[in-house]
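The values are calculated or read from the model by the stated rules, or taken from the named source; none is laboratory data. Small disclaimer: the values here were computed from a predicted structure and weren't measured. Neighbour counts are summed over all protein chains in view; Cβ atoms, including those assigned to glycine, are modelled from backbone coordinates with ideal geometry.
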Amino acid sequence: MKLEQLFPVQKQVIPVILNQNKSQSIYPNDLCILAPTGSGKTLTYVLPIINSLKTRVKPCCRALVILPVSDLAEQVYNVFKTYLSDNESFNLINKDHEDLHSSNNLKCILLSNKNPFVKEQGLLINEDHQKCLIDIIITTPGRLVDHIQKTKHFDLTNLKYLVLDECDRIMEQIKQNWLTLLNQAIFKDNQRELLTNENLNVNNLMSDKKRLCPFQKLLLSATLTRNPENLEQMKLFQPVYFSFAGEKLTTEKNDEILKNNEIKKLDTVDMADVSVPSELKEIFIQVILQQKPLISIHLIKNLGYKRMLIFVNSKETAKRLNKLFELNSITSMEYSSALHSARRKRIQSKFLDGKLDVLVCSDVMARGMDLENVDYVLMYDAPKHLSSYIHKAGRTARAGRSGTVITFLEHREVYFFKKMVESIGSEHNGENKHKVKEIKIQKSSFKNLMEDYKNSLDRLKDELSKQNKSSNGENKTNGFNKRKISNGSKFNNNKKFKPNKESS
């Protein structure tokens with residue numbers, strides 16, 4: 001896929017990475033990049049990494065890209081593969097450079113639990129020469145640790161780029177000790193010394209005795225922490241902070257001017273900065289618990305909301321809500337971590353081909369998955385955290401397209417939700433507090449659906465009863481699902497499906 005133009009985050013960040021790479025005598029600043037989902041963050045590091053490594057002579061691991069889950073790692077791997085064979089796109093970032101169309105023989109690999117471990121080891125290492133054969137590695141923290149501990153001659157001492165994509169989620173996994181093991185692998189046998197603010201001096205920069213660590217850290221997310229205690233774990237070197245909201249850029253560095261922009265000292269606010277694209281329309285609907293399934297159907301059938309992702313809080317809920325949609329003649333499928341990755345890919349393809357109107361999703365799709373042409377996102381359950389709202393909303397309004405996110409809120413959830421979203425930054429809200437518009441739906445607007453909806457609840461109840469009997473009477477629901485769907489109408493008074501306080 002040919003890249004025809006750069007997005008704002010790419011226009012601003014890629015030249016910084018390229019210029020620092022050209023200045024071999026200057027130790028590169030680490031970069032923290034906050035940008036809305038769908039704004040082109042992945043190519044922001046893919047293009048300059050390929051561009052800077054393509055002239056390498058011998059293969060060795062020079063770029064390590066870490067993502068929180070294997071599905072996202074696979075997606076980024078596919079982007080690298082695409083642009084490793086696409087020379088024309090590099091015209092956009094190399095306008096002032098020669099050798100635009102030089103071929104490269106860079107090799108990248110995906111290390112994931114979806115692949116046989118022994119096969120990965122064979123692709124990574126040339127046992128005869130005891131050297132790494134791969135230039136760019138895309139992986140997850142867990143798989144990385146497996147290879148550090150179990151793959152002989154796995155070498156990271158020549159690392160040039162360390163990328164943490166969806167870094168806020170990755171940093172939550174630091175307690176699993178992967179970062180410590182990674183640092184040990186990079187600074188193996190004291191061959192390298194990490195340059196820090198404390199040991200930054202002329203003697204160290206000019207010394208041939210110490211091999212100062214030349215790799216650059218790139219941290220990216222739509223909800224990027226700026227809490228110094230959290231960032232301290234990454235041992236960032238004079239970090240530059242890029243914050244994007246729509247077309248608006250804020251660039252901050254510790255103590256200098258970067259590319260003629262006035263830069264202030266990095267804030268120490270104990271919160272995550274978040275932003276949404278200006279093309280995103282945000283609304284919420286105040287509902288009572290029992291109306292959620294019915295209003296969902298109303299949005300799809302009466303209002304014509306198609307190409308929609310609906311996020312629910314569990315795999316069981318996804319399964320049951322999807323079944324209810326099917327009983328109401330809605331072309332939908334469940335998309336959750338309960339499904340094998342190959343099946344999830346097939347479902348994605350159906351959605352992209354327009355064969356499905358709705359995907360009912362658990363949190364497996366909340367981050368990073370790039371589905372084209374998603375017009376609507378519905379949060380069936382109120383998000384508990386701002387980062388969850390941002391990442392789910394970010395499945396639509398991607399790459400400059402418009403999109404709408406709808407959130408269902410019970411009365412007791414409205415105040416908390418409004419306070420939660422106040423800190424969101426966007427191109428159009430200036431200094432004012434961010435607000436999400438409420439729309440009201442009258443009961444009369446979905447009156448035409450009542451009869452079919454009641455019948456579908458009865459049929460769903462029968463199917464649940466059959467499933468329970470086939471499981472020797474064992475109740476495998478999570479309370480929420482059966483109550484919220486089966487008891488989703490005033491017509492259903494079966495005491496067996498009444499809500500209980502614990503499940504609410």
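Computed values, structure above
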quantity: Output for segment 325-358, where each listed residue is part of a helix (DSSP H, G or I), over 28 Å from Met450 (Cβ atoms) and of a type in the set (A, V, I, L, M, F, W, C); calculated: Ala342, Ile347, Phe351, Leu352
quantity: Sole exception among (1) modelled with pLDDT under 95; (2) within 22 Å of Thr55 (Cβ to Cβ); (3) in contact with a helix residue (DSSP H, G or I) (Cβ under 7 Å, 6 or more places away or on another chain); (4) not small (Gly, Ala, Ser) for Glu98, by number; calculated: (3)
quantity: Pairs where the first residue, in segment 90-110, is over 18 Å from Gln12 (Cβ atoms) and not assigned by TED's automatic domain parsing to the domain that holds Arg62 and the second is surrounded by 10 or more Cβ atoms within 10 Å (Cβ to Cβ) and at pLDDT 70 or above, C-beta under 9 Å, 6+ apart; calculated: none
quantity: Hits in segment 124-140 - residues which are within 17 Å of Arg56 (Cβ to Cβ), within 33 Å of the chain's Cα centre (by Cα) and assigned to a strand (DSSP E or B); calculated: Lys131, Cys132, Ile136, Ile137
quantity: Condition broken by Asn322, with the remaining ones in (1) closer than 22 Å to Gly400 by Cα; (2) polar (S, T, N, Q); (3) part of a helix (DSSP H, G or I) satisfied; calculated: (1)
quantity: Members of segment 359-384 that are modelled with pLDDT of 90 or more, assigned to a loop (DSSP other than H, G, I, E, B) and under 16 Å from Val276 (Cα atoms); calculated: Val374, Asp375, Pro383
quantity: Those residues of segment 292-333 which are within 11 Å of Tyr380 (Cα to Cα) and either touching a Gly at 6+ places or on another chain (Cβ under 7 Å) or of a type in the set (Lys, Arg) (or both), in sequence order; calculated: Lys292, Pro293
quantity: Enumeration of residues in segment 104-122 that are surrounded by 15 or more Cβ atoms within 10 Å (Cβ to Cβ) and among the aliphatic types (A, V, I, L, M); calculated: Leu106, Ile109, Leu110, Leu111
quantity: Candidate set: segment 271-314, residues that are among the polar types (S, T, N, Q) and part of a loop (DSSP other than H, G, I, E, B); chosen: the one farthest from Ile439 (Cα to Cα); calculated: Ser314
quantity: Test result for Ser349, surrounded by fewer than 19 Cβ atoms within 10 Å (Cβ to Cβ), more than 25 Å from Val69 (Cα to Cα) and of a type in the set (Ser, Thr, Tyr); calculated: no
quantity: Selected residue (criterion: surrounded by the fewest Cβ atoms within 10 Å (Cβ to Cβ)) from residues of segment 156-169 that are in a loop (DSSP other than H, G, I, E, B) and in contact with a helix residue (DSSP H, G or I) (Cβ under 8 Å, 6 or more places away or on another chain); calculated: Thr157
quantity: Top-ranked residue in segment 387-408 [being part of a loop (DSSP other than H, G, I, E, B) and surrounded by fewer than 21 Cβ atoms within 10 Å (Cβ to Cβ); ranked as modelled with the highest pLDDT]; calculated: Ser402
quantity: Ile148 vs. criteria part of a strand (DSSP E or B), under 19 Å from Arg62 (Cβ atoms) and modelled with pLDDT of 80 or more; calculated: no
quantity: Residue, surrounded by the most Cβ atoms within 10 Å (Cβ to Cβ), within segment 18-65, restricted to residues that are among the charged types (D, E, K, R) and not in a loop (DSSP other than H, G, I, E, B); calculated: Lys41
quantity: Test: Ser341 is in contact (Cβ under 8 Å) with a residue 60 or more places away in the chain, assigned by TED's automatic domain parsing to the domain that holds Ser388, surrounded by fewer than 19 Cβ atoms within 10 Å (Cβ to Cβ) and of a type in the set (S, T, N, Q); calculated: yes
quantity: Residue under evaluation Val436, criteria (1) modelled with pLDDT of 95 or more; (2) touching a Gly at 6+ places or on another chain (Cβ under 6 Å), criterion not met; calculated: (2)
quantity: Filter result for the condition that a residue is free of Cβ contacts under 8 Å to residues at least 12 places away in the same chain, more than 11 Å from Asp357 (Cα to Cα) and either hydrophobic (A, V, I, L, M, F, W, C) or crowded, with 21+ Cβ neighbours inside 10 Å (or both), over Leu299, Leu321, Leu303; calculated: Leu303
quantity: Selection within segment 71-89 - more than 13 Å from Val46 (Cα to Cα) and either of a type in the set (D, E, K, R) or in the same structural domain as Gln348 (by TED's automatic domain parsing) (or both); calculated: Asp71, Glu74, Glu88
